[in-house]
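To start, the structure under review is shown below, and the notes come after it.
The values are calculated or read from the model by the stated rules, or taken from the named source; none is laboratory data. Being a predicted model, the structure only gives us computed values, none of them experimental. Neighbour counts are summed over all protein chains in view; Cβ atoms, including those assigned to glycine, are modelled from backbone coordinates with ideal geometry. With ligands, DNA and RNA removed, areas are computed over all heavy atoms of the protein, side chains included. Shrake-Rupley method; radii C 1.70, N 1.55, O 1.52, S 1.80 Å.
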Amino acid sequence: MTSSKQALAQPAASADAAPGEQPGAARGAQGRGTPPPGPSSWRSRLYRWDMKASPYAFISPFFIFFGAFSLVPLLYTAWYSLHNVQLSDLDNQTWAGLDNYQNLLSSDFFWNSLWVTLLIGVISTVPQLIMAIGLAHLLNYKLRGSTVWRVVMLTPYATSVAAATLVFVLLYSWDGGLINWLLDFVGVDPVNWRESDWGSKFAVSTIVIWRWTGYNALIYLAAMQAIPADLYESAALDGAGRWQQFRHVTVPMLRPTILFTVVVSTIGATQLFGEPLLFGGVSGSKGGSDHQYQTLGLYMYDQGWIVGNLGKASAIAWSMFLILLLIAVINLLVSRRLRKSQ
């Protein structure tokens, strides 16, 4: 009886001790749950470090390149915008404060460039998105060779800006251009597209429309294919035709996608540079002889690389950045209101 009571009184010390471990006080001296010293402890430490550090190591290349080629130039441009810096003498920088920004606000060329950018953005974005929705609606139905049509719509997007613009320069040429030939064929006088005020804006807008309509159409097509088919079936049972289904089912379900494409297109219009530069030829950086199609991007390029005033060009760049931030805030407010309305 006495031996059995002693055995029952000491079950924990013998039961907790694993094979190869020291029972009792010797084990408690090491600390409960602490692995014993030896090779296994190094492996566990390496394993923990690997689990913590590996994800950061995998994503570090992106942040390294982003910091080197995006963040550092952005901050350096902000520093330049507060100084008087000339391209021909980069070592001599004098503090200017907000003088470059004040000069922009009092410059007629800046406000003209902002107005031209807004006009070309509206002229190119609105028809572009309307045609993109129409093309996506047609492709949403079963058509023969739908994959071929999708590839064809992406071809303008894959074409380089230089190649596309040079083709349109030939089309809008004053002598022998196809557009003026068609106008003469229907009895309309030819137009000097480069020198015309609204004609030059329209010509540059058509290049943007041609390049980006197919891209936006595929975005709309992907969103349309995600709409539940039950909604169309219910609308058909209620007697709605295809046009009514498009108005009352497709368009309301596409509101977030439409908002996204509007914001992306607006950002692209704010940064418009290659098309008007190549369209203008020798006077491309000036946006024409009368600055009639000089966008903010062209104005920044002209001040920085033609005039050589890097301080003012940096101020223009940061003004464009602030405009894009304003667009992002408007997008956030509108998207929140759309979520509440739904």
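Brief remarks on what is shown
- Net charge contributed by nearby residues that have their C-beta within less than 13 Å of Val204 (K/R +1, D/E -1): +1
- Largest first, the residues Lys312, Lys340, Lys52 sort by 1.4 Å accessible area into Lys340, Lys52, Lys312.
- Whole-Å distance, taken between Cα centres, linking the range 146-175 and the range 43-67: 43 Å
- Formal net charge of residues neighbouring Gly177 (Cβ-Cβ distance under 13 Å; K, R +1; D, E -1): -1
- Multiplying the residue separation of Phe65 and Leu170 by 0.36 nm and subtracting their alpha-carbon distance yields 33.9 nm.
- Two-site FRET efficiency, Ser234 against Leu338, from Cβ-Cβ distance with R₀ of 25 Å, rounded to 0.05: 0.65
- For Ala96, nonlocal amide neighbours, meaning residues 5 or more places apart or on other chains whose placed amide H falls under 5 Å from its own, are His83, Asn84.
- Long-range amide H partners of Ser285 with built H, under 5 Å: none
- Pair Asp197, Ser289: separation of 7 Å Cα→Cβ label points (nm): 1.5 nm
- Helical contribution to [θ] at 222 nm, DSSP H n ≥ 4, -39,500 (n - 2.57), averaged over the chain, rounded to 500: -22000 deg cm²/dmol
- Separation between Cα centres of the range 277-342 and the range 192-218, rounded to whole Å: 17 Å
- Simple spin-label estimate for Leu322 and Leu90 in nanometres, 7 Å along Cα-Cβ: 2.6 nm
- Ordered from highest to lowest accessible area with the whole protein assembly present and a 1.4 Å probe, Glu275, Glu195 read as Glu195, Glu275.
- Cβ-Cβ distance of Tyr76 and Asp189, R₀ of 35 Å, FRET efficiency by 1/(1 + (r/R0)^6): the value works out to about 0.10.
- For the options Gln86, Gln294, Gln245, a Gaussian network treatment of the chain with springs between C-alpha atoms closer than 10 Å singles out Gln245 as fluctuating the most.
- Highest-first arrangement of 125-131, 160-166, 87-93, where packing means the average Cβ count within 10 Å: 125-131, 160-166, 87-93
- With R₀ set to 56 Å, the beta-carbon distance separating Asp99 from Thr147 gives a calculated FRET efficiency near 0.50.
- Largest GNM mean-square fluctuation across Val204, Val263, Val186, computed for the chain with C-alpha springs under 10 Å, falls on Val186.
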